[in-house]
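A.B. asks: What follows is a single structure, and I will ask about it in a moment.
The values are calculated or read from the model by the stated rules, or taken from the named source; none is laboratory data. Bear in mind the structure is a predicted one, so any value in this text is a computation, not a measurement. Positions of Cβ are generated from backbone atoms using ideal geometry, with glycine treated the same way; all protein chains shown enter the neighbour counts. The area values use the complete protein model at the heavy-atom level, side chains included, leaving out ligands, DNA and RNA. Shrake-Rupley method; radii C 1.70, N 1.55, O 1.52, S 1.80 Å.
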Amino acid sequence: MTDGSLPDRLARAITMAGPIPLSQYIAAANAEYYGSRDPLGSAGDFTTAPEISQMFGELIGLWAADLWQRAGSPAVAWVELGPGRGTLTADALRAMATVGLTPPVHFVETSAALRQRQKAAVHDALWHDDVSTLPDDRPLIVVANEFFDALPIRQLVRAGDAWRERLVACQDLMFLPIAGKQVPDGVIPEALRDAAPGSVIETSPASVAIAREVAQRLVKQGGAALVIDYGYEGPAIGDTLQAMTGHKFANPFEDPGNRDLTAHVDFATLGAATAVEGARVVGPVGQGAFLTALGIEPRAAALARATPDRADALAADRARLCDPGQMGDLFKAMAWTSPQWPEPAGFE
């Protein structure tokens, strides 16, 4: 380790000022991780749905085009939050163009490394550091695929008869979670306050803030947002923080900045946050049910007819995206729309 490494910097900060909130640890680790590499694909640490099959992005593009047509075909902007390599948007644009939807593209991305990959896929996109600078003069169609899971979370731990915030301490360069100061009972959902010692509740203030800002824009400007991620309908007890390296699970408190840190998304909380702002909320439904409703099976069959040598691979890709034992149930889809826009497809 060099003096300038993230583990060293974090260790110095903790030694000088004391343990830090888990959310601060995750934010620092993921900023370093995503800012310094392309983490996707077989040579990276994980693979996302758009990289598994072109069908994923194409179907989302057709979902957007259908909604746009039923809304009266207004001038809109396409926005993707955390667009990875830009693959989803590139596939979606190709599908949308078949019905005349060719919107300007806006990417919300802070990683310089990933911006380069995105530029190769969608060369005329415009980039933003956050949602505050997105266009405010037209409806937005926003897609967030595996975006919210990488945002920082807080963990509240039941220690004895009190709930305490989980902090991160260190000894030399060994990081470990500890229980910090007691939090007021009022921040704990009433049904969970008497959970067993050791129980964990997760919250993501960063996710709620972004969801609310997107919802405010949809209500004011028109449009819709589609969120796809792995998660649950909370609030619930459970520690979902995980790290991935080389497509394998790892210790999230080892080697920060060189491992992808994520946590399951609480769709119920995101939905409630956007509903408060006046947006219509539909879902969540399982990713498998969502893609099936959008027509992934006939799309896979059509691709197989066009490229018979890929038939087995296409069937495997469809299964990976949709089957309950793979991504079909754990991953969920939710949409937020302007009250003035039609209800989106896929949630019947």
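A.B. asks: Mind listing whichever residues of the stretch 307-331 are open to solvent by less than 40 Å² (accessible area, probe 1.4 Å) and closer than 20 Å to residue 60 by Cβ?
C.D. replies: Of everything in the stretch 307-331, those that are open to solvent by less than 40 Å² (accessible area, probe 1.4 Å) and closer than 20 Å to residue 60 by Cβ turn out to be 314, 317, 319, 321, 322, 327, 328, 331.
A.B. asks: When you go through (1) of a type outside the set (S, T, N, Q); (2) open to solvent by less than 40 Å² (accessible area, probe 1.4 Å); (3) assigned to a helix (DSSP H, G or I); (4) closer than 19 Å to residue 66 by Cα one by one for residue 347, which number turns out not to apply?
C.D. replies: Among (1) of a type outside the set (S, T, N, Q); (2) open to solvent by less than 40 Å² (accessible area, probe 1.4 Å); (3) assigned to a helix (DSSP H, G or I); (4) closer than 19 Å to residue 66 by Cα, the lone unmet condition for residue 347 is (3).
A.B. asks: Pick out the one residue from 124, 149, 136 that is surrounded by fewer than 19 Cβ atoms within 10 Å (Cβ to Cβ), outside any strand (DSSP E or B), in contact (Cβ under 8 Å) with a residue 60 or more places away in the chain and under 24 Å from the mean Cα position of the chain (by Cα).
C.D. replies: Values: 124 fails: in contact (Cβ under 8 Å) with a residue 60 or more places away in the chain; 149 fails: surrounded by fewer than 19 Cβ atoms within 10 Å (Cβ to Cβ).
None of the other options fit; the residue is 136.
A.B. asks: State the number of residues belonging to the stretch 220-275 that are basic (Lys, Arg) and either within 14 Å of residue 148 (Cα to Cα) or part of a loop (DSSP other than H, G, I, E, B) (or both). Break it down into steps so the answer makes sense when it comes.
C.D. replies: The first filter runs over the stretch 220-275 and keeps only residues basic (Lys, Arg), leaving 220, 248, 259.
If we keep only those that are either within 14 Å of residue 148 (Cα to Cα) or part of a loop (DSSP other than H, G, I, E, B) (or both) too, we end up with 259.
Residues that pass the stated criteria total 1.
A.B. asks: Then there is this: Residues of the stretch 292-342 being acidic (Asp, Glu) and under 15 Å from residue 227 (Cα atoms), which ones?
C.D. replies: Pass one, the stretch 292-342, residues acidic (Asp, Glu): 297, 309, 312, 317, 323, 329.
Hit for the stretch 292-342 is 329, nothing else.
A.B. asks: Is it true that residue 90 is at negative phi, at pLDDT 95 or above and of a type outside the set (Ser, Thr, Tyr)? Talk me through it step by step, then tell me what you get.
C.D. replies: Working: at negative phi: yes; at pLDDT 95 or above: yes; of a type outside the set (Ser, Thr, Tyr): yes.
Judged against the criteria, residue 90 is a match.
A.B. asks: Another one. Give 105, 76, 131 a once-over and let me know the one that is closer than 30 Å to residue 235 by Cβ and modelled with pLDDT of 95 or more. Walk me through how you get there before you give the answer.
C.D. replies: Numbers: 105 fails: closer than 30 Å to residue 235 by Cβ; 76 fails: closer than 30 Å to residue 235 by Cβ.
When all the criteria are applied, what remains is 131.
A.B. asks: Let me ask something additional. Residue 341 - would you say it is within 19 Å of the chain's Cα centre (by Cα) and either loosely packed, with under 15 Cβ neighbours inside 10 Å or touching a residue at least 40 places away in the same chain (Cβ under 8 Å) (or both)? Lay out the reasoning, then the answer.
C.D. replies: Values: within 19 Å of the chain's Cα centre (by Cα): no; either loosely packed, with under 15 Cβ neighbours inside 10 Å or touching a residue at least 40 places away in the same chain (Cβ under 8 Å) (or both): yes.
In short, no.
A.B. asks: Here's something else I'd like to know. Taking the stretch 70-113, which residues are over 17 Å from residue 228 (Cβ atoms), β-branched (Val, Ile, Thr) and either open to solvent by less than 10 Å² (accessible area, probe 1.4 Å) or not in a loop (DSSP other than H, G, I, E, B) (or both)?
C.D. replies: 76, 105
A.B. asks: Turning to a different aspect of this structure: For the stretch 264-276, state whether one or more residues are open to solvent by less than 40 Å² (accessible area, probe 1.4 Å) and closer than 30 Å to residue 311 by Cα. Break it down into steps so the answer makes sense when it comes.
C.D. replies: Keep residues of the stretch 264-276 that are open to solvent by less than 40 Å² (accessible area, probe 1.4 Å), which gives 265-268, 270-271, 273-274.
Next cut, closer than 30 Å to residue 311 by Cα only: none.
No: the stretch 264-276 contains no residue that is open to solvent by less than 40 Å² (accessible area, probe 1.4 Å) and closer than 30 Å to residue 311 by Cα.
A.B. asks: Mind listing whichever residues of the stretch 187-219 are surrounded by 15 or more Cβ atoms within 10 Å (Cβ to Cβ), small (Gly, Ala, Ser) and assigned to a loop (DSSP other than H, G, I, E, B)?
C.D. replies: Scanning the stretch 187-219 gives 195, 199, 204.
A.B. asks: Would the stretch 174-192 turn up any residue that is closer than 23 Å to residue 6 by Cα and among the charged types (D, E, K, R)?
C.D. replies: No, there is no match, as no residue in the stretch 174-192 is closer than 23 Å to residue 6 by Cα and among the charged types (D, E, K, R).
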